[in-house]
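Here the structure comes first, spelled out in structure tokens, and everything after it is commentary.
Every read-out reported here was derived from the displayed coordinates using simple, explicitly stated rules and does not represent laboratory data. Quantities reported herein were computed from a predicted structural model and do not represent experimental measurements. Here the Cβ positions follow ideal geometry from the backbone for every residue, glycine too, while neighbour counts run over all protein chains shown.
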Amino acid sequence: MTDIENKIKGCFLGLAIGDSLGSIANGLSPFEVMSKYSTPINSFYNESVYTGETRSFVFMTQELLKESPSPTSVSNWIKENINEKVPGLVFSKMIPLALLAILQAKEDGFLIAANKAVNPGLKKAESLAIFIYMKILSELLLHPVEYQKPSELYDADNSLLSRMIKLTIEIEGGWDLEDLEYRLSDRLDFTRKKLMKHLELPCFMGLNDNRNMAEVLTNVLFSYMGAPDDVSTIYKIVSMGKVASINGALIGTLIGTTIGADSLPLDLKDNLPKNKSGEIQELASKLCSKYGKG
């Protein structure tokens with residue numbers, strides 16, 4: 001198995017692990033999670049299930065194994081083959097498309113068109129945040145992870161997040177960045193003060209019931225870069241409840257990609273709900289094999 005295949009398998013498994021770990025905490029407050037489970041959620045329960053995050057990325061991958069859309073056809077392909085069958089603004093529909101763009105060395109225009117077609121109802125700042133996330137995922141697959149301490153994430157001009165934001169602004173300069181810039185400045189100054197007191201969990205915004213993807217993705221990215229190879233970050237984030245499946249899937253995707261399938265804990269891989277580990281890894285292998293990286 002090649003290194004990139006191991007990372008893609010880790011990406012797939014990490015998403016499914018984070019999604020299903022978080023499923024039992026959706027809608028709960030952190031206090032309710034601790035009262036109900038007496039511990040951070042670090043294993044699966046009988047009621048653990050896959051939500052639309054896992055189901056959507058599995059469906060998208062299966063469709064991509066049938067046909068690879070081109071940059072000029074991807075918008076119509078998504079509208080005809082994906083959105084009508086899997087409605088809703090689910091970020092994980094973008095994950096297989098981002099991987100396809102990497103495997104086939106597609107230009108950024110492919111991801112921009114795909115993102116707008118998958119998520120037509122999002123605010124511009126939210127679409128931009130999703131695009132940044134996908135570019136960071138690409139970076140993780142192709143290059144070693146850039147580790148930074150949480151206290152350094154906010155003023156590091158050359159940080160991974162900063163570089164991706166600058167790159168995105170250059171690519172799509174017409175987007176209104178006001179909302180995202182606000183979240184990456186004033187709001188993060190407040191969050192940084194909390195970080196200094198609670199470094200064990202570098203994630204505070206976006207863990208309430210706010211489903212603004214710019215805010216959620218910003219939090220997940222900062223949490224990830226504070227501990228890019230630490231699976232326990234998934235446990236801490238899903239144990240905060242509320243939008244736990246989304247947060248879990250987002251952080252699980254990044255950590256799984258970073259460490260690869262081989263380094264994910266066996267108890268999580270072997271005990272995924274419905275014994276899906278083998279099926280999910282097989283999907284990843286087929287995607288790599290079809291597009292030349294297996």
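Details
- Packing-based order for 11-20, 227-236, 261-270, using average beta carbon neighbours within 10 Å, highest first: 11-20, 227-236, 261-270
- Between Glu80 and Asn275, full extension at 0.36 nm per residue minus the direct alpha carbon distance yields a gain of 67.1 nm.
- Distance violations [Cα-Cα > 24 Å] among Lys116/Lys242; Lys66/Lys93; Lys36/Lys242: Lys116/Lys242
- Packing-based ranking, highest mean first, of 237-246, 103-112, 67-76 given that Cβ atoms within 10 Å are counted: 237-246, 103-112, 67-76
- Long-range HN-HN contacts of Ile41 with modeled amide H, under 5 Å: Ser239
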